[in-house]
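The values are calculated or read from the model by the stated rules, or taken from the named source; none is laboratory data. The model shown is predicted, which means the values in this text are computed figures rather than measured ones. Quick reminder, even Gly has a Cβ in these numbers, built from the backbone with ideal geometry, and neighbours come from all protein chains shown. Just the protein is used for accessible areas: all its heavy atoms, side chains included, with ligands, DNA and RNA removed. Shrake-Rupley method; radii C 1.70, N 1.55, O 1.52, S 1.80 Å.
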Amino acid sequence: MKLNNKILLPDASEWERYRNDFPILKKRINGYPLVYLDNAATSQKPRQVIQTIVDYYETLNANVHRGVHTLSQISTDAFEQARIKAQAFINAESHREIIFTKGTSNAINLVAYSFSRAFLSPGDEVLVSALEHHSNIVPWQIVTKERGAHLRILPMNEKGELLIGQFSNLISDKTKIIAISHVSNSLGTVNPISELTRIARQHGIPVLIDGAQAVPHLKVDVQALDCDFYCFSGHKMLGPTGIGILFGKEEWLNKMPPFEGGGEMIQSVNYNDSTYNELPFKFEAGTPHIEGALGLATAIDYLLHIGMDSIHQREMFLYKLALNRLSDLPGFKLVGSASDKSPVLSFLIDGLHPYDVGVLLDKQGVAVRTGHHCTQPVMDFMQIPGTIRASFSFYNNEDDVLQLEAALKKAIQILS
Ligand code: PMP
């Protein structure tokens with residue numbers, strides 16, 4: 001460990017020890033060591049998370065919240081402990097504000113459908129930004145169309161920064177909710193959330209934050225951000241797929257109707273009517289993804305053991321190293337150069353299609369994502385078909401960056 005700006009940073013051998021916790025990184029792809037640079041799509045899982053899932057099925061498996069039997073009580077306790085862990089991780093005030101979902105998309109859909117049923121009328125507006133993932137556009141598009149309401153868009157500049165100066169002008173008494181990403185998945189821009197929520201608060205408008213790309217890389221404190229809803233996915237932060245979190249302020253969740261009906265979310269049912277369970281269960285219909293929640297709790301422990309500040313510094317070091325090594329290659333063009341960035345390196349090579357480059361990188365063991373990254377409006381704004389995206393995690397290392405550079409050089413040679 002060494003002290004850097006008062007953060008105790010793990011040294012190279014410690015980072016290698018963390019890397020060794022990820023069995024898949026030992027794999028070879030097409031005869032080369034795997035260089036996994038598609039972390040923004042999904043992260044890899046440490047053996048501790050994998051073992052949690054195995055242990056769950058070997059020692060704990062029982063349905064939660066319903067059995068009088070001991071095993072069900074143990075599994076309910078573990079499940080509810082996972083909720084408390086997620087609550088502490090984002091510093092929510094109460095466990096009642098933490099709803100288990102399938103992931104970010106499911107969490108946004110929950111809010112879009114439930115909020116619009118209660119609060120959206122014809123002529124109303126929902127404000128999103130020009131940087132959003134389709135998951136934070138399409139649900140709002142569906143519900144605004146259903147209710148005769150409209151979507152407004154906060155624009156961005158060529159660097160991929162939101163035009164915050166225009167934010168206040170886009171807000172009116174028709175605006176009912178604002179939905180914005182914390183970090184852009186295709187360009188890596190980190191948006192100034194506290195500034196946006198401060199302005200929204202002056203107008204009394206709730207703010208939903210899509211935190212899918214923030215939570216794996218930054219310390220997130222929903223009380224400091226002062227947002228009303230915050231959504232994220234377990235699978236992007238070392239946890240299993242199919243589990244995610246919706247944080248919602250009780251004040252809003254209490255006023256919103258259930259999203260889905262079923263077991264668990266009710267207090268009583270007869271053929272005329274039903275009454276609903278208390279928070280958070282009102283929004284958790286059916287048997288939840290129990291082992292997913294437990295795996296997510298282990299992932300949170302793992303991240304916190306390293307420390308979010310150390311993770312951030314490590315990832316930005318790798319990002320900057322990669323940018324440095326690649327920027328002199330012929331035709332290299334960075335896409336997204338916001339002043340506040342996360343470790344997402346989106347780029348193009350002049351004259352080459354991103355897909356062709358991606359295929360040749362894969363042939364050399366390097367996994368990147370190419371295309372529009374579920375942000376077609378961002379690509380339309382930039383007037384490009386897509387990008388090549390290398391996204392970093394703390395378990396990547398300098399050799400990964402060098403292998404990316406060598407593979408890209410070869411791809412350019414072959415394709416030019
Ligand atoms: N928002 C952002 C910014 C994302 O990057 C993603 C995943 N690519 C999502 C939402 C959707 O997440 P999920 O597929 O886990 O629901």
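Here are a few things to note about the model shown:
- Take the Cα of Glu251, step 7 Å toward its Cβ, do the same at Asn63, and the gap between the two points is 3.7 nm.
- Percentage of interatomic Cα-Cα distances in the range 71-194 larger than 17 Å: 65
- Extension gain, Lys409 back to Gln383 (0.36 nm per residue minus Cα-Cα distance, nm): 6.9 nm
- Extended-chain gain in nm, criterion 0.36 nm per residue less alpha-carbon gap, Asp273 and Asn30: 81.6 nm
- Rounded, prolate or oblate (a/c below 1.5 giving rounded, otherwise prolate when a/b exceeds b/c) for the chain by Cα gyration tensor: oblate
- Protein accessible area in the range 50-304, 1.4 Å probe - carbon and sulfur %: 50
- Whole-Hz couplings from phi, Karplus 6.51/-1.76/1.60, listed for the range 176-182; x for Gly and Pro: 10, 7, 10, 10, 9, 7, 6
- The chain, relative contact order [Cα under 8 Å, separation at least 6], %: 22
- Ellipticity estimate at 222 nm from DSSP helix runs (n ≥ 4, -39,500 (n - 2.57)) divided over the chain, nearest 500: -12000 deg cm²/dmol
- Contour minus Cα-Cα distance for Ile199 and Asn157 (0.36 nm per residue): 13.1 nm
- Largest to smallest principal axis extent of the C-alpha atoms in the range 310-400, angstrom: 36, 31, 25
- Within the same chain, lysines fewer than 8 places from Lys176 are excluded, and of the rest, those with a Cα less than 25 Å from its Cα are Lys145, Lys249, Lys255, Lys282.
- Choice from Ala212, Ala338, Ala112 with maximal GNM fluctuation in the chain (Cα, 10 Å cutoff): Ala338
- Heavy-atom surface of the range 50-304, accessible at 1.4 Å and reported per residue (Å²): 40
- Gyration tensor (alpha-carbon) shape descriptor, the range 91-163, a/c threshold 1.5: oblate
- When Rg and Dmax are taken over the Cα atoms of the range 235-319, they come to 17.8, 60 Å.
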